[in-house]
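The values are calculated or read from the model by the stated rules, or taken from the named source; none is laboratory data. Quick caveat, the model's predicted, so the values are computed rather than measured. No Cβ is skipped: glycine too gets one built from the backbone with ideal geometry, and neighbour counts run over all protein chains shown.
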Amino acid sequence: MQIPFMQIGDLHIATPFKSLPSFIARQRRQDIIDTLKAVLKMAEDQHIPLLFITGDLFENEYITRPVIADISRSFAGVAGTRIFISPGNHDYVHSRSFYINWPWPPNVHIFTTPSIERIDLPDMPISVYGFGWDRPEIYDNCIDVGPTDTSRINVAVIHGDALMQSSSSPYLPIAIQQMIGWHMDYVALGHIHRPYAFHASGHIQPLDATGSITDVLAAYAGSIEPLDSSETGYHGIISGRLDKNAACIELIPIAKRRYINATISLDGAQTSEDVAKRILDSDSPQNRSFNLYTLTFTGRLDPQLKQSMADIIDDLKEQYFSISVVDQTVPDYDLEYIKEQHRDDIIGRFIEYMEDALNTAAGDQQQVLRHALYMGLQALLQDP
Ligand SMILES: [Mn+2]
């Protein structure tokens, strides 16, 4: 018996997006709400009976009553879908939490205690186990799933750190072997913002948008919308089917926007127009109007062009939804001319010294030395 479900997590509704300009941050906050509503519409259209929300639905610090009212009303609009929420470290349950001080619709169940609670669905052979954070950090894994009813499909919905680099984490460390020992048929995980699937063999696999994966024991859906420039790649939701012993899942990349980090060589650009064209040509107008770019410029560039980089980028801003740049170009100096001008001082000597070194250096050293030469000149030639 296969039962369709959807899983979302780490929405971080109301997060301030501090690293973005305020008008873009406001749009991103709206994007998250819009994407949540798109998920609920999909669940309704496809008659999905179960939606698991694995924590960090919102941020306690910034969430407001009108936003909760909007979310709650949207949940009520998909009465045919049972929604299970397991609060996490950003939306942990406290005495004034909206999780326990708000009239949520009857199709929503929130796990509000820091111990495992089990819900047996009356009309299908599914038991949902959940855990709610009651504080922002949990160092000890206190999860005790207890004996399961093996005649049912057992699903856990938990916010925690199952990808630990070490055995300790302030975010509810979950060892893979321990998770296997829960004897769940599927574990919907939240906290890690990149989508991952876990197999019962212990094998962990990043989820991309390349189709469905079978035999899955557990998975992170990742952040529904990417939240900063480290969250590149595809983001969205998990859509899948529960079955006895394993699930079949798929990442549906419905995030409205992506973060794109790209390196662009400006070598050989001679005019502002050349520079602008190089930058714009690195992606399509359609993509530029949606995505959030961090562009790193490399290569040698005329010193005057390098100085007008801020103006060039300013002029391009309207062709991007969001652009920030890291200028790693080095000024392309006319070495013979500078040497002539500085024949008797340290600048001329520096160029000669570095040129000698370059002539005798091995291939892989040459690039470093050339970079050092240009960086050194940039410092030496700077107006006092
Ligand atoms: Mn999170």
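Points to keep in mind about this one:
- Selection status of ASP315, surrounded by 14 or more Cβ atoms within 10 Å (Cβ to Cβ), without any contact (Cβ under 8 Å) to a residue 60 or more places away in the chain and farther than 30 Å from ILE254 by Cα: no
- Among the residues of region 140-162, not one is within 16 Å of the ligand (Cβ to nearest atom) and either more than 15 Å from GLY55 (Cβ to Cβ) or among the basic types (Lys, Arg) (or both).
- Residue match in region 315-332 (condition: more than 30 Å from SER22 (Cβ to Cβ) and part of a strand (DSSP E or B)): yes
- Taking region 246-296 as the range and being assigned to a strand (DSSP E or B), hydrophobic (A, V, I, L, M, F, W, C) and either at pLDDT 95 or above or assigned by TED's automatic domain parsing to the domain that holds GLN307 (or both) as the test, the residues that pass are ALA247, CYS248, ILE249, LEU251, ILE252, ILE260, ALA262, ILE264, LEU292, LEU295.
- Subset tally (residues that are without any contact (Cβ under 8 Å) to a residue 12 or more places away in the chain and either more than 19 Å from the chain's Cα centre (by Cα) or over 18 Å from SER322 (Cβ atoms) (or both)) for region 1-40: 2
- Test: residue in region 223-232 that is modelled with pLDDT of 95 or more, closer than 22 Å to MET179 by Cα, within 16 Å of the ligand (Cβ to nearest atom) and assigned to a loop (DSSP other than H, G, I, E, B): yes
- Members of region 332-364 found to be surrounded by fewer than 13 Cβ atoms within 10 Å (Cβ to Cβ) and either within 39 Å of the chain's Cα centre (by Cα) or not assigned by TED's automatic domain parsing to the domain that holds SER265 (or both), listed by number: GLY363, ASP364
- Selection count where residues are farther than 14 Å from TRP133 by Cβ and not hydrophobic (A, V, I, L, M, F, W, C), scope region 96-120: 9
- The set of residues in region 5-21 that are within 14 Å of the ligand (Cβ to nearest atom), out of contact with any Phe, Trp or Tyr (no Cβ under 7 Å at 6 or more places or on another chain) and assigned to a strand (DSSP E or B) contains only ILE8.
- Selection within region 122-142 - out of contact with any Phe, Trp or Tyr (no Cβ under 6 Å at 6 or more places or on another chain), surrounded by 16 or more Cβ atoms within 10 Å (Cβ to Cβ) and of a type in the set (A, V, I, L, M): ILE126, ILE138
- Whichever residue in region 178-211 is assigned to a loop (DSSP other than H, G, I, E, B) and within 16 Å of the ligand (Cβ to nearest atom) and, among such residues, is nearest to ARG118 (Cα to Cα): HIS191
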